[in-house]
């Protein structure tokens, strides 16, 4: 592109001949993020960022240099956590939000630095303060939060299928959700046209809030909400009395619609901002004898508190907040808590904030809980870990101005995996668990149900090491899928040496702490074969049963596994080989606490630390793994077991084929004579 080349030449001239910092920064962004159709060149980007950081101390450039040292992305520089920490620290001194989040996460988890909760609180609070300031700078009631972050593998049906990892079934998003949403919308639109109040209200709320699948649309929200209120308050009457006071469902729906309409006029969303009209809608919805809508009551409380001419405005505001709070309205609980906080009634304020946090994960509730825990107010003792966790939640959810997710999601949707990976990697380094899971998923090559080690070449070790690193970080933030994935990587030797004991430890944690049905089944299989744990048929059966009780969808694999287990147990009994130990003996020492290699992620800042943990009996484990790949070097007992297992599988296949044949035969006999097949 001649025009692009000319632009680059002019920018370089401005940057180096006239020492224009803006031109130098633009060159760095163009090469790193591949903007303006410029090809990505990470080496050039590093050169421009480092030059700018050295020349003027630009905080964003320092942050980007630190990021490249922390990740070693593109092999431009060798991974160096010491230099990464140095650049991040200087960037944070310049109040660079990304650097503050990165440092906070590293001090909180001990990545590249000793764990220091106080430093984590210091940096997370700085980011949280900015988020709350921006939140309050918006329309009355605060800005609407960004949409929730999405894990990529949920869009693909989950890491192991629909709901396989966690408890229950069908917890993961299934493919074709947009089509499902379209069908639902079509049904709601049809019902709304027929005058169905629930459909009209549902569409109004849906378009007012917006979702990932349905964009926000205030015009349509206003249209459907007015359809609801017009049925309760006819537009051709001058009174605010309802048409009917006996229709409870209509009154409740009208109250909810009135509360949203009041917010729209008060905040100027899709309509001209008008306090008088907002007040009218709040009064309609808040009437206790009719609609009794908590959102309207909360709106009236705020309007009394912020400007209505009443001598007792504070008292009236608190009355409305209490009314709405008793109906479990989170905004009202936060507003009531703030009033208690102003009166120095810390205990009541804490209770209000805790309720709002538990009910709706309210951003302000988390922030003020963090303030209380960080200072040790009320009867609550000072708790640095809780304060850091709450500040972290506020910083990550209130990321209107610095979130890398919109760009990452857009790139992924457009099929640009490289750009998506870079932006998710930026999020991962800042401590976003969703970013870490997405990076690991994009790097993960172990997505196939079938593994043929003799036919498929081993995946790239460096890529697998990086995937394991981010699965580990995600698991340490409570992701059960990531914990099970860690076990898979240690079991198969992806990104590390084969270590069955570590794999079993990961599955144990996922099974006991997160009730993972997949991890339970894996533990049952490992106890059945004595891999990584002592062979124990009793424990194997226990884990298989528990997997089925946790997730009913595991019926088929668990049933087949139990048939195999019973067959092997019977074979061992009649041959006198490999008999399982008693449950009491073999159960000793099996209930591990969470091992240190899971707790201390990336200690010392080197990716090799993840590989080199707990290397006792490494050669033996490697030999065991090789023997599992090459059955010709098995000993006699192993050969008998392998032969019997193959025979069992063959017999089961014959039985299934025979059942299919009988079923088809019966179906053919059931058809009327002369009927056309199919």
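Does residue 32 meet the test of being within 18 Å of residue 407 (Cα to Cα) and assigned to a helix (DSSP H, G or I)?
yes
Table: residues versus (1) assigned by TED's automatic domain parsing to the domain that holds residue 41; (2) in a helix (DSSP H, G or I); (3) under 18 Å from residue 32 (Cβ atoms); (4) at pLDDT 95 or above.
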residue: 89; (1), (2), (3), (4): yes, yes, no, yes
residue: 104; (1), (2), (3), (4): no, yes, no, yes
residue: 108; (1), (2), (3), (4): no, yes, no, yes
residue: 112; (1), (2), (3), (4): no, no, no, no
residue: 118; (1), (2), (3), (4): no, yes, no, yes
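I need a count of the residues in the stretch 375-398 that are buried (at least 22 other Cβ atoms within 10 Å of the Cβ) and at pLDDT below 95. Break it down stepwise before answering.
Applying the first criterion (buried (at least 22 other Cβ atoms within 10 Å of the Cβ)) to the stretch 375-398 yields 387-388, 390-392, 394-396, 398.
Filter again for at pLDDT below 95, leaving none.
The total comes to 0.
Can you go through 305, 341 and tell me which one is assigned to a helix (DSSP H, G or I), surrounded by fewer than 24 Cβ atoms within 10 Å (Cβ to Cβ) and at pLDDT below 90?
Of 305, 341, the one residue that is assigned to a helix (DSSP H, G or I), surrounded by fewer than 24 Cβ atoms within 10 Å (Cβ to Cβ) and at pLDDT below 90 is 305.
Go over the candidates 389, 357 one by one and state the one that is within 11 Å of residue 337 (Cβ to Cβ) and part of a helix (DSSP H, G or I).
Going through 389, 357 in turn, the sole match is 357.
If the requirement is being at positive phi and surrounded by fewer than 23 Cβ atoms within 10 Å (Cβ to Cβ), which of these qualifies: 72, 82?
Residue meeting the stated conditions: 72.
At least 2 residues that are more than 26 Å from the chain's Cα centre (by Cα) and farther than 30 Å from residue 73 by Cβ in each: list the helices (runs of 4 or more DSSP H) lying fully within the stretch 466-566 that qualify.
Per the criteria, 500-514, 517-529, 537-550.
For the structure I just gave you, tell me whether residue 297 is buried (at least 22 other Cβ atoms within 10 Å of the Cβ), in contact with a helix residue (DSSP H, G or I) (Cβ under 6 Å, 6 or more places away or on another chain), in contact (Cβ under 8 Å) with a residue 24 or more places away in the chain and within 28 Å of residue 387 (Cα to Cα).
Judged against the criteria, residue 297 is not a match.
So which residues in the stretch 17-44 are without any contact (Cβ under 8 Å) to a residue 24 or more places away in the chain and within 22 Å of residue 87 (Cβ to Cβ)?
Selection gives 22, 23, 26, 27, 29, 30, 31, 41, 44.
Is there a residue being under 22 Å from residue 400 (Cα atoms) and modelled with pLDDT under 95 anywhere in the stretch 68-78?
Checking the stretch 68-78: not a single residue is under 22 Å from residue 400 (Cα atoms) and modelled with pLDDT under 95.
The values are calculated or read from the model by the stated rules, or taken from the named source; none is laboratory data. These numbers were taken from a predicted model, which means no experiment stands behind them. Every residue, glycine as well, gets a Cβ built from its backbone with ideal geometry; the counts of neighbours run over all protein chains shown.
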